2 protein chains.
Amino acid sequence: MNYTKINGGVCAPKGFRAGGIHCGIRKNHTKKDLAMIFSEKPCSAAAVYTRNKVLGAPIIVTRDHLRDGTARAVICNSGNANTCNSDGVEKAELMCSLAAKALGIDSADVIIASTGVIGQPIAMEPIEKGIAALAPALTPEGASDAAEAIMTTDTKLKECAVSFRLGTNAVTIGAIAKGSGMISPNMATMLSFITSDACISSAMLGEALRAVVDDTYNMLSVDGDTSTNDMVSIMANGLAGNPLIDSKNEAFDAFVGALKIVATEMVRMMAADGEGATKLLQCSVTGAPSKETAKKVAKSVINSSLVKTAMFGADANWGRILCAIGYTDAEFDIGSIDVYISSEAGQIQVCKNGFGVPFSEEKAKEILLRNEILIDILMKQGEFEATAWGCDLTYDYVKINGDYRT
Amino acid sequence: MNYTKINGGVCAPKGFRAGGIHCGIRKNHTKKDLAMIFSEKPCSAAAVYTRNKVLGAPIIVTRDHLRDGTARAVICNSGNANTCNSDGVEKAELMCSLAAKALGIDSADVIIASTGVIGQPIAMEPIEKGIAALAPALTPEGASDAAEAIMTTDTKLKECAVSFRLGTNAVTIGAIAKGSGMISPNMATMLSFITSDACISSAMLGEALRAVVDDTYNMLSVDGDTSTNDMVSIMANGLAGNPLIDSKNEAFDAFVGALKIVATEMVRMMAADGEGATKLLQCSVTGAPSKETAKKVAKSVINSSLVKTAMFGADANWGRILCAIGYTDAEFDIGSIDVYISSEAGQIQVCKNGFGVPFSEEKAKEILLRNEILIDILMKQGEFEATAWGCDLTYDYVKINGDYRT
């Protein structure tokens, strides 16, 4: 299957309009803080949510709205997570009905998300005015504005789109995302909104999303903290005109392939732009005795504060990698494991069968000074593999998250 | 039971001698790096070890030596962890036999521990000379020298002792410990050596140690990284003259009580002196539906990078606490949880039944500027409780662990 990366983000698929404005949710901030995405036609829709027991009010409302597997719009604000507020659900519902009214659709077809400080009541006045101004101004060129409006401490806008053919039909998937951090730091909330013009049932859309999320968004870790408001949603409006995908056929596999490219791209962008990050870390595990073990080992390494600080310091302190593998909560043989570290500057083996091997510290330093580091772990005890993405732990992470909320 | 804190560390119990010297394991360092503890009489002995699958060679050797439940000496070096070296076990055995020979005891009665860089062959020459010099120089006043010799990035020496009466006999327990960090940073290795003059069987000694470790040492977290070389050992030589404790009777309970005080003191010292720490954090959970849940919730909060950075910034960002409670891998009701934050400067409630409650930010700041912060979580859904200890996450943690190994 040929997949082509194209421009246009969430508006690359046919029939989608988007936009983003500053409505003033946080005083003394001028950043865009309200985003909308709208489909001309009704969409199959699905989403996956945080597993945190504390659920943001928008998560509760979206989950309810998506029970029927359909949606037509996304509304998302930054600056306030609308979480742990006793009036949170009520206000999230109100935001949906305001958006629905402005767009002339049903309130139950609105996906809502919020990101920001938790436990502070959300002011409805700027949102009400914002929705009234934003809804009529949505355009097919507005994807980047929407991507910008959902950003918090993100330093880079995150969007991408991929196109592929199903028979004679061109099908496109687009996405935007925000990574970890807040202007007033609070949650490492991860939000991603995906659009497509594919014709696919909501059941199959959900299957595709869950299959891909497990290997991509769920393998991203900036600081191990799982937000109360994490969400990835997808809407597909069918305008590509392909025969309806309603079973796990070849077209489904092609769709999943494209979705995985989009998701991986979003995850890499979020990892590289983690709070305070100077480096993207990718840890790939192969030869694991089970998929679960492969995932756990890759995440254990990516999550280790000691590995993350070593990478920040460009220090090939591979003992920390082996240590993090060792405390993974899974059964495997540590004695057969090889570890390689690489970047564009080359590759070194640091560990063979669980023991250190000599390497040039000079070469290691050269490799680790690059901004994208790969850690390859060969377990040599099975057929399973997994990849996790993260970033280094830096002074700026502490600065961003240690500053007082004002 | 009256427990009295006394001076003397591991030499406070009758019949123990200790010492610590600089033998030169790491070039260009002048810090003491070799410690010994010796009992005049044979001891019942027990230990608990890291659960990391990567085991330091000293752990493998000590586990073997303690299979018979007896020991008479501890030898411990800092500067090299003797881990992931193909000749590691051989060298650890050699260190034990050198120590045994110098002390005139059996090699199988030596407990060995090492802490430092992993994956670098350990030089035996300085250790051989060091043991020969140190063994004859052990004294009942040498506890602090031993405590100093096991330190790495620790900034404070950690020792304590507690005395209590069993009938007419005074019984004493002493301990030294090293916390998290290395001069050449590598592992947050936690080592603690405990001595006692109690007369207690090795089986009961093991029971007591395991019971106490679970609620103390295992509830300490500086950065979530479990070292390859963690160990807590205890030796009891019987010189207190109390009737042998060989069942779970009242005397056993009294012994466990004293051991818990000693262990808690060590853990608090290690938490307060965590790498880069400016604050000791204590998280107490009450009203949990199970002991396991209480522990998991307390540790989840103590481990959260976002909570830790907020505490560093003296920011009462309680949403992060609730978030960390929420992603704990355990079943409970988030909707009944209250959270309080306190220090010597006072107490505030920040959350009631899962929702935020208004509080004075000024008062909160005043409380959080102190160097010992208590986070109290009332789950109100059971009878179980647990406490975890940790520290804030600071620029210095990144600095200490990000610097290049040289």
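A few points about this structure:
- Selected residue (criterion: farthest from the other protein chains (Cβ to nearest Cβ)) from residues of the stretch B:331-352 that are free of Cβ contacts under 8 Å to residues at least 40 places away in the same chain and among the hydrophobic types (A, V, I, L, M, F, W, C): B:ALA345
- Check on A:ARG17, of a type outside the set (Val, Ile, Thr), surrounded by fewer than 24 Cβ atoms within 10 Å (Cβ to Cβ) and touching a Phe, Trp or Tyr at 6+ places or on another chain (Cβ under 7 Å): yes
- Within the stretch B:113-128, the residues that satisfy the criterion of being of a type in the set (A, V, I, L, M) and part of a helix (DSSP H, G or I) are B:MET124, B:ILE127.
- Complete set of residues in the stretch B:129-158 that are buried (at least 19 other Cβ atoms within 10 Å of the Cβ) and outside any loop (DSSP other than H, G, I, E, B): B:GLY130, B:ILE131, B:LEU134, B:ALA135, B:ALA143, B:SER144, B:ASP145, B:ALA146, B:ALA147, B:GLU148, B:ALA149, B:LYS158
Per-residue answers, yes or no, for (1) within 16 Å of A:VAL232 (Cβ to Cβ); (2) within 21 Å of the chain's Cα centre (by Cα):
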site: A:HIS29; (1), (2): no, no
site: A:SER44; (1), (2): yes, yes
site: A:THR50; (1), (2): yes, yes
site: A:LYS53; (1), (2): no, yes
site: A:ILE60; (1), (2): no, yes
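- Residue within the stretch B:291-299 that is under 26 Å from B:PRO58 (Cβ atoms), modelled with pLDDT of 95 or more and either among the hydrophobic types (A, V, I, L, M, F, W, C) or crowded, with 23+ Cβ neighbours inside 10 Å (or both) present: no
- Filter result for A:ILE122 (at pLDDT below 95 and either closer than 26 Å to A:CYS84 by Cβ or more than 14 Å from chain B (Cβ to nearest Cβ) (or both)): yes
- When B:LYS91 is tested against the conditions (1) more than 14 Å from every other protein chain (Cβ to nearest Cβ); (2) over 18 Å from B:ALA133 (Cα atoms); (3) among the basic types (Lys, Arg), the lone failure is (1).
- None of A:LEU374, A:LEU393, A:LEU306 is modelled with pLDDT of 90 or more and outside the structural domain of A:SER221 (by TED's automatic domain parsing) except A:LEU374.
- Hey, B:LEU259 buried (at least 23 other Cβ atoms within 10 Å of the Cβ), under 16 Å from the mean Cα position of the chain (by Cα) and closer than 13 Å to B:ILE375 by Cβ or not: no
- Condition check for B:ALA314: within 28 Å of A:ASP392 (Cα to Cα), touching a residue at least 12 places away in the same chain (Cβ under 8 Å) and either within 13 Å of another protein chain (Cβ to nearest Cβ) or buried (at least 23 other Cβ atoms within 10 Å of the Cβ) (or both): yes
- Checking A:GLY356 against (1) modelled with pLDDT of 90 or more; (2) farther than 30 Å from B:LEU306 by Cα; (3) facing another protein chain (nearest Cβ under 10 Å), the condition it does not meet: (1)
- Condition met for B:ALA102 (assigned by TED's automatic domain parsing to the domain that holds B:HIS29, over 23 Å from B:VAL232 (Cβ atoms), touching a Pro at 6+ places or on another chain (Cβ under 8 Å) and among the aliphatic types (A, V, I, L, M)): yes
- Unique match (being surrounded by fewer than 22 Cβ atoms within 10 Å (Cβ to Cβ), in the same structural domain as B:LEU66 (by TED's automatic domain parsing) and assigned to a strand (DSSP E or B)) among B:ALA161, B:ALA177, B:ALA170: B:ALA170
The values are calculated or read from the model by the stated rules, or taken from the named source; none is laboratory data. As the structure is a computational prediction, the values presented were derived from the model and not from experiment. So basically every Cβ, Gly included, is an ideal-geometry build from the backbone, and we count neighbours across all protein chains shown.
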